[in-house]
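Student: My questions all concern the structure below.
The values are calculated or read from the model by the stated rules, or taken from the named source; none is laboratory data. This one's a predicted model, so the numbers in the text were calculated from it and none came from an experiment. Note: ideal-geometry Cβ built from the backbone for every residue, glycine included; neighbour counts use all protein chains shown.
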Amino acid sequence: MKKMAAMGLAALLAGAVWAEEEMDFGAMMQALGQMAQTGAASNAPPAAVSPKALKEALPKAIPGFERVEAGAEKQGLFGMNTVIATGVYESGAKSIRLEITDVGGMGGLGAMAMLGWTNSEVDKETRTGFERTTTYQGFKALESYDKESKSGEIQIFDGGRFSVKIEGSDLDSFEELAGAANAVDLKALSALQPEAAPAAQPETP
């Protein structure tokens, strides 16, 4: 079960690296300073939402697809709380995987990744597809699609603490992926509150 949380953490670390390349130096240092202050203020990991609440944020179905799998888990890794909810949706050979991660439980590292998205704009086209920044329900997103491989991805940062990642394969068009993104109630997701943080552990002399 720890594998899913570790994979989610790796993806967010990659996002943080991308953010470091795109954001200005002052913004990056501000995010790193927040991370250091959070660690100094308490020995307890940052609070995260409950797995049950995050699982309930997964759409029960998306247009033209049936949900065949849904679950969520919480793991403590490297002094951070990571909660990931995953849903799998299928229609014949077509498949969409939707993953929601509570970035807020990662403290300053999550904030640094968020800054990269907020400060960046992407608009690229190739012979077979595209990559571009856009918005879904008012939240910043990065979307990509390749019509030759019939696959694509949408990543959305929602409300300052949630990352939504949607991957599709064997799709008929990008619109099926966009339909999955619009099936998530992003405003309701952004309103979710974290569980009470666990009590801080006393430092060992």
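Student: Starting from residues that are modelled with pLDDT of 95 or more, within 13 Å of the chain's Cα centre (by Cα) and crowded, with 18+ Cβ neighbours inside 10 Å, keep the ones in segment 90-136 and report whichever is nearest to GLU195 (Cα to Cα).
Tutor: Ranking the candidates gives ILE100 first.
Student: Let me ask something else. Quickly run through segment 160-177 and pick out the residues that are part of a strand (DSSP E or B) and of a type in the set (A, V, I, L, M, F, W, C).
Tutor: PHE162, VAL164, ILE166
Yes/no matrix, rows are residues, columns are (1) modelled with pLDDT of 95 or more; (2) touching a strand residue (DSSP E or B) at 6+ places or on another chain (Cβ under 8 Å); (3) more than 14 Å from GLY104 (Cα to Cα); (4) not in a helix (DSSP H, G or I):
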| site | (1), (2), (3), (4) |
| --- | --- |
| LEU32 | no, no, yes, no |
| ALA40 | no, no, yes, no |
| ASN43 | no, no, yes, yes |
| PRO46 | no, yes, no, yes |
| GLY76 | no, yes, no, yes |
| ASN81 | no, yes, no, yes |
| GLY87 | yes, yes, yes, yes |
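Student: Let me ask another. Could you list, in sequence order, all residues of segment 183-198 that are part of a helix (DSSP H, G or I) and surrounded by 15 or more Cβ atoms within 10 Å (Cβ to Cβ)?
Tutor: Those that are part of a helix (DSSP H, G or I) and surrounded by 15 or more Cβ atoms within 10 Å (Cβ to Cβ): ALA183, LEU186, LEU189, SER190.
Student: For a quick check of your reading of the model, give me the residue pairs whose first member lies in segment 120-131 and is more than 23 Å from PHE157 (Cβ to Cβ), whose second is of a type outside the set (Asp, Glu) and assigned to a loop (DSSP other than H, G, I, E, B), with beta-carbon atoms closer than 6 Å and at least 6 apart or on different chains.
Tutor: Taking only residues 6 or more apart or on different chains, the pairs are THR128/LYS147.
Student: Still on this model: Just to be sure I understand the filter: pairs with C-beta atoms under 8 Å, separated by 6 or more residues or on different chains, first member in segment 139-154 and in contact (Cβ under 8 Å) with a residue 40 or more places away in the chain, second member in a strand (DSSP E or B) and of a type in the set (Asp, Glu). Which pairs pass?
Tutor: That search, which allows pairs on different chains as well, returns PHE139/ASP158.
Student: So which residues in segment 114-163 are under 20 Å from LEU54 (Cβ atoms) and of a type in the set (Ser, Thr, Tyr), if there are any at all?
Tutor: TYR136, SER163
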